[in-house]
Amino acid sequence: MSDPSMSTADIPATAELSIDELARQTGLPVRTIREYQSMGVLPAPERRGRVGVYRPSHLRRLELIARLQRRGYSLAGIRDLLTSWQHGADLGEVLGLEPDELVHIDEPGMPASVEQLARLLPALVPGRLAELVATGVVQECGPDIYCVPSPSLLQLAVDLHSAGFSPEQLLHLLGSIGRAADTVADAVIALLAERPSTVDDQQLTALTTRGRGLLAHGTGRLTIHTLGRRLGLDGAAGSAAGLSRPPGEGGPPSAPEQTP
């Protein structure tokens, strides 16, 4: 793919591109773009009668495909990667979650038996269950019953394990995430304990209600942005886009670019 005459960051989010303009931006032949669509690695355009309308998200996807190809991925491998990221239902099948519940701000914490956890992470459960619990990703919530506060993080561990990462690597990552969550929680608690005298109980309730969502989205977004910047996956402007958005709006979660 040749360098586009205009970077993705320069194109308004509402911009509409014809297939010829998309080809010009990416340096790809029109027939290649159509091939990507037929293979399922590029979403179809919006239809305006007989005309296909492409968005900057299509340009970002093509840039992502090019980066993955430079790293040795075949188009079939890229398609499988994006499909897995989009659907990733392994955890849902075990714990009874809908796929979209894994990426919702109010994703439900779920109870899980040792048997269920062992099906998901046989490398850690039951042999290293105590270490998994120590990360905070799985918690004890009763005799022989465990709770999963964030099924999304458990799914990430499942994906990494399936890809071949070692139990030690999984525990290190999950432990780091757990410690980061403790640090953020400590900072918020300290802030609330020192609220200004001008903030009454009603205002504090409103702040915490709104702040809960902002904190959830913001910390995740910042983490993904920082990860993308450190890995050099995106340009300096808008570097969060490639890793944080679902297929059709950006790239996969972890691993080649990894959601997850």
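The values are calculated or read from the model by the stated rules, or taken from the named source; none is laboratory data. A quick note: this is a predicted structure, and the numbers were derived from the prediction, not measured. Glycine also receives a Cβ, built like all others from the backbone with ideal geometry; neighbour counts cover every protein chain displayed. Just so you know, the surface numbers come from the protein's heavy atoms only, side chains and all, with ligands and any DNA or RNA stripped out. Shrake-Rupley method; radii C 1.70, N 1.55, O 1.52, S 1.80 Å.
Cβ separations smaller than 8 Å between residues 6+ apart or across chains give the following pairs from region 125-154 residues that are under 16 Å from GLN169 (Cα atoms) to residues that are assigned to a strand (DSSP E or B) and of a type in the set (Val, Ile, Thr): VAL137/VAL148; LEU154/VAL148. Among the residues of region 189-198, the one identified as open to solvent by less than 90 Å² (accessible area, probe 1.4 Å) and either of a type in the set (S, T, N, Q) or closer than 30 Å to GLU131 by Cβ (or both) is ALA190. State yes or no: is ASP201 modelled with pLDDT of 90 or more, open to solvent by 90 Å² or more (accessible area, probe 1.4 Å) and out of contact with any His (no Cβ under 8 Å at 6 or more places or on another chain)? For ASP201, the condition - modelled with pLDDT of 90 or more, open to solvent by 90 Å² or more (accessible area, probe 1.4 Å) and out of contact with any His (no Cβ under 8 Å at 6 or more places or on another chain) - is not met.
Scanning region 25-69 for residues that are touching a strand residue (DSSP E or B) at 6+ places or on another chain (Cβ under 9 Å) and charged (D, E, K, R) yields GLU46, ARG47, ARG55.
So which pairs qualify, if the first residue must be in region 13-38 and farther than 11 Å from LEU59 by Cβ, the second must be buried (at least 18 other Cβ atoms within 10 Å of the Cβ) and aromatic (Phe, Trp, Tyr), the Cβ gap must be under 8 Å, and the two must be at least 6 apart or on different chains? Hits for this filter: GLU16/TYR54; SER18/TYR54; ILE19/TYR54. The helices (runs of 4 or more DSSP H) falling completely within region 87-181 that include 3 or more residues that are at pLDDT below 90 map to 90-95, 151-163.
ASP186: open to solvent by 90 Å² or more (accessible area, probe 1.4 Å) and assigned to a helix (DSSP H, G or I), yes or no? The answer is yes for ASP186.
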